[in-house]
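Have a look at the structure below before the remarks.
What follows is calculated from the coordinates using simple rules that are stated; it is not laboratory data. These numbers were taken from a predicted model, which means no experiment stands behind them. Neighbour counts are summed over all protein chains in view; Cβ atoms, including those assigned to glycine, are modelled from backbone coordinates with ideal geometry.
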Amino acid sequence: MTENLIEIKGVTHAYKTASGPLPVLDGLNVSVPEGTFAAVVGPSGCGKSTLTKLVAGLMKPDSGEVWLHGELVKGPRKTVGMAFQNPVLLEWRTILDNVILPLEIVAPKMSKAKCVARAMELLDMVGLVGFEHKRPSELSGGMRQRASLCRSLVHKPDVLIMDEPFGALDAFTREDLWQTMRDLRRAEPFTAVLITHDLRESVFLGDQVIVLSGRPARSQYVMNVDLPEDRTLDVLFTPKAADMLHRLRDQIKIAQGRDVEAHS
Ligand SMILES: Nc1ncnc2c1ncn2[C@@H]1O[C@H](COP(=O)(O)OP(=O)(O)OP(=O)(O)O)[C@@H](O)[C@H]1O
């Protein structure tokens with residue numbers, strides 16, 4: 001039986017603002033089985049980033065529970081890797097030293113040689129060997145995001161949380177990164193939560209796509225992505241994928257409170 005690595009149970013949260021409480025999540029339930037990839041989509045401002053902060057233990061919900069690996073999340077955890085739209089690499093460090101950074105924090109006793117070997121293994125997987133001694137500003141946006149992915153995986157986290165990691169990239173680079181992500185998962189399976197505005201991305205990468213309702217968000221619709229595990233970009237042009245994309249688009253319209261047109 002597959003264990004749910006992440007369990008969000010009945011989470012409700014409101015931010016305190018100058019004009020009063022802003023309800024953001026309302027009885028949110030999400031389950032992510034171990035080793036699977038959950039893509040989360042929903043209208044702008046519905047609470048997607050808030051969900052990632054809760055799973056990472058960066059904030060506590062007003063009510064409800066977040067469980068990770070059978071433990072109640074009460075604070076930040078070392079076993080979580082994070083990647084954001086802005087890779088925030090440190091300019092005074094080389095790419096290699098940026099990738100090693102989490103190991104210095106999580107495994108301070110690990111020898112430098114082992115840290116380098118681990119980082120180089122990942123840089124090799126994402127095609128960045130030869131760039132390890134460069135500074136972040138010497139790399140393209142896509143290369144920086146590849147390095148950022150290496151950094152978030154270097155300490156072998158149980159779960160990788162990504163908030164729009166490919167959102168700032170051009171369409172072709174983005175598709176390259178989707179394939180890199182697929183290859184990384186194949187090489188080193190991990191559980192992932194990906195926040196995205198791109199429905200094609202959610203279908204290409206996700207084992208399940210969770211559509212959040214408008215704010216305050218709850219889980220409005222969950223779609224199991226019934227496509228081959230080893231996907232190529234061509235899969236997005238199949239009738240099956242087109243049907244899934246239609247259904248997701250309809251769900252987003254419902255979440256936005258807009259009418260859904262009939263389609264065959
Ligand atoms: N610390 C905070 N204090 C007050 N309000 C906040 C705070 N963080 C987020 N919000 C508000 O809560 C709502 C949900 O924010 P969140 O970033 O979770 O949404 P999102 O779905 O990720 O948004 P987007 O799709 O635009 O990235 C937004 O209206 C946002 O302005």
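Run through the stretch 1-72 and list the GluC sites (Glu not before Pro) located in a DSSP loop whose Cβ has at most 16 other Cβ atoms within 10 Å.
Taking the stretch 1-72 and a limit of 16 other Cβ atoms within 10 Å, the loop GluC sites (Glu not before Pro) found are E3, E34.
Tell me, what ³J(HN,Hα) does each residue in the stretch 240-252 have, in order and in whole Hz, if you take phi through Karplus 6.51 cos²θ - 1.76 cosθ + 1.60 with θ = phi - 60° and put x for Gly and Pro?
4, 5, 4, 5, 4, 5, 4, 5, 5, 4, 4, 5, 5
Report, in whole Å, the centroid distance computed from the Cα atoms of the stretch 205-250 and the stretch 58-126.
28
What list of ³J(HN,Hα) couplings, whole Hz, do you get for the stretch 141-146 from phi and the Karplus terms 6.51, -1.76, 1.60, once you set θ to phi - 60° and write x for glycine and proline?
Along the stretch 141-146, the couplings run x, x, 5, 5, 5, 4 Hz.
Please identify every one of the trypsin sites (Lys or Arg not before Pro) in the stretch 24-103 that sits in a loop by DSSP and has no more than 14 other beta carbons within 10 Å of its own beta carbon.
K74, K78, R93
Test of the criteria: in the stretch 103-202, which trypsin sites (Lys or Arg not before Pro) are in a DSSP loop and have at most 13 other Cβ atoms within 10 angstrom of their Cβ?
Sites meeting the loop and neighbour criteria: K109.
Less than 13 Å Cβ to Cβ from R146, Lys/Arg counted +1 and Asp/Glu -1: what total charge do the surrounding residues give?
It works out to a net charge of 0.
Treating the beta-carbon of each Lys and Arg as +1 and of each Asp and Glu as -1, no other charges, what is the dipole magnitude of the chain about its Cα centre, to the nearest 20 debye?
Value, rounded to 20: 780 debye.
Quick one: which residues, 5+ away or cross-chain, put their amide H under 5 Å from the amide H of Y221? H built at 1.01 Å from N.
Residues meeting the amide H criterion: V211.
Give me a comma-separated list of calculated 3J(HN,Hα) values for the stretch 152-164, in order, Karplus coefficients 6.51, -1.76, 1.60 applied at θ = phi - 60°, integers in Hz, x for any Gly or Pro.
For the stretch 152-164, the Karplus curve yields 6, 10, 4, 8, 6, x, 5, 9, 10, 10, 10, 10, 6 Hz.
Output needed for the stretch 85-157: three equivalent-ellipsoid semi-axes, defined as square roots of 5 times the C-alpha gyration tensor eigenvalues, in descending order, whole Å.
They are 18, 12, 11 Å, listed from largest to smallest.
Past the 24 Å Cα-Cα mark, which pairs from K112/K134; K60/K109; K156/K240; K60/K112; K48/K134; K60/K114?
The answer is K60/K109; K156/K240; K60/K112; K48/K134; K60/K114.
Would you compute, for the Cα atoms of the chain, the largest minus smallest coordinate along each principal axis and list the three values in descending order, in whole Å?
On the principal axes, the chain reaches 56, 43, 43 Å in Cα extent.
Tally Lys/Arg at +1 and Asp/Glu at -1 over every other residue whose Cβ is under 11 Å from the Cβ of P102; what's the total?
Charge balance near P102 sits at +3.
For A192, enumerate residues with amide H under 5 Å from its amide H, sequence gap 5+ or separate chain, H modeled in the peptide plane.
Those qualifying (amide H under 5 Å, at least 5 residues apart or on another chain) are T36, F37, A38, L160.
Fewest to most neighbouring Cβ within 10 Å: what's the order for M223, M181, M59?
Taking fewest neighbouring Cβ atoms as first place, the list is M59, M223, M181.
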